[in-house]
Amino acid sequence: MPGMSKKESDGFRKLLKLLPEDDLFALNDTVTNRLIPAASTSEAIEAIIAYSQTAEELLKRKKVHRDVIFKYLASEKVHLNPNSDKHQLVKTTLELWTSVSENTVNVSKVSCTEQNRDGLGQLEALGKQFCQWFFQLLNSQNPQAAQKCRIQDWGAQDWGAQHFWSDARMLLLSHAQVQQKDEFLGAELVSQRLLALVWEESLLFFPNLEQTGLKCVATPHGLVVVAVAGTIHREGDCLGVFEQVFGLIRAPQDDNRWKIKYVHLKIKGHVVKGTLPAVTYDSEELLQLFTK
């Protein structure tokens, strides 16, 4: 699962401040496919970090100039030959950010009681990182989004069953004019049904990753449950809200990457104006959702 560590995100917050404003806002438009307009430089920086697949990908963007990376490294007391090319500067920056052990979030040891504050912080960081990756990738399958971003900017070719466990299970609950409940079993079917939402139905999912919109818990056996709420859009119109819960488990046979074991998706066809979508499950309900 692509994404940035806290060390990388913090580094980019310093580095991107060195960009000229015009370049910064242009980079925001490129990375977010113009779907996330920024009203300030700080908003642009946060959006760029959130919607970038990896630190290396962002460092290699044309708008992240060689001179900017050189200035950033100098501010971090890393002194290189002024004639160093961008490739060398990118490599050095990545080495700087990975030299700290905090770049790996290990939630497998976090107790489901969540008494450890540091563990809970790491858990929330993992959940937010996962949601940023998942919804960016899912939305990139929307034909309009794919056409605008020329596919490769959002890694559209990477969607598929490989991100799910072979026995993955998904429950889809739709509350529109008629209540509907469907269940899908197996990585291929779950992947295809999620793909159909954005490819065939032209939907876009915008998660609320702040406070009430995101909740994460874990079991002592390595299952991490990530719940997120957000809004659903089509061609600029807000159609309703969603609440989605994921069950994630590491795959030792696949470089210990996190893969999706369970998906529970609720879609409602109305929006209460003036309120942000919020997760309705409490921690105990989330733990019971996939462990009954």
Worksheet, complete the sentence: Cα convex hull volume per residue for the stretch 6-103, in Å³, equals 87
Fill in: Residue exposure sequence - THR93, THR41 - by fewest surrounding Cβ within 10 Å
THR41, THR93
Worksheet item: Taking R0 as 35 Å, what's the FRET efficiency between GLU200 and GLN288 from their Cβ-Cβ distance, rounded to 0.05?
Response: 0.60
Item to complete: Compute the distance in nm between two label points, each set 7 Å from the Cα along the Cα-to-Cβ direction, one at SER166 and one at THR98.
Response: 3.0
Discussion item. For Cα pairs less than 8 Å apart in space and 6+ apart in sequence, what is the mean separation divided by the residue count of the stretch 117-289, i.e. the relative contact order in percent?
Written reply: 22
Item to complete: Beyond 26 Å between alpha-carbons counts as too far, so tell me which of LYS71/LYS128; LYS128/LYS259; LYS7/LYS261; LYS7/LYS266 fall in that bin.
Response: LYS71/LYS128; LYS7/LYS261; LYS7/LYS266
Practice prompt. Normalise the Debye intensity by I(0) for the stretch 117-289, one equal point scatterer per Cα, no solvent, then take log10 at q = 0.12, 0.18, 0.20 Å⁻¹ and round to two decimals.
Written response: -0.54, -1.28, -1.58
Practice prompt. Would you list which aspartates and glutamates come within 17 Å of LYS77, measuring only between C-alpha atoms, while excluding same-chain residues fewer than 8 positions from it?
Written response: GLU8, ASP10, ASP67, GLU95
Worksheet item: What residues have an amide H closer than 5 Å to that of LYS259, excluding those fewer than 5 places away on the same chain, when H is modeled at 1.01 Å from N in the peptide plane?
Response: ILE249, ARG250, ALA251
Practice prompt. Could you tally the net charge around ASP23, taking each other residue with its Cβ under 14 Å from the Cβ of ASP23, Lys/Arg +1 and Asp/Glu -1?
Written response: +2
Worksheet item: Simple spin-label model, 7 Å along Cα-to-Cβ: LEU80 to THR30 in nm?
Response: 1.8
Worksheet entry | Exposure proxy order (Cβ contacts within 10 Å, fewest to most) of THR231, THR280 | THR280, THR231
Practice prompt. Pop the C-beta distance of ASP158 and LYS62 into the FRET formula with R0 = 22 Å and round what comes out to the nearest 0.05.
Written response: 0.50
Worksheet item: Taking the simple approach of a point 7 Å from Cα along Cα-to-Cβ for both LEU276 and ASP182, what is their distance in nm?
Response: 3.1
Practice prompt. Report the full-extension gain for the segment GLU43 to LYS14: residue separation times 0.36 nm, less the Cα-Cα distance, to one decimal in nm.
Written response: 9.1 nm
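Bear in mind that the values in this text are calculations on the coordinates, not laboratory data. Note that this is a predicted model, so its numbers are computed, not measured. Ideal geometry is used to build each Cβ from the backbone, glycine not excepted, and the neighbour counts take in all protein chains shown.
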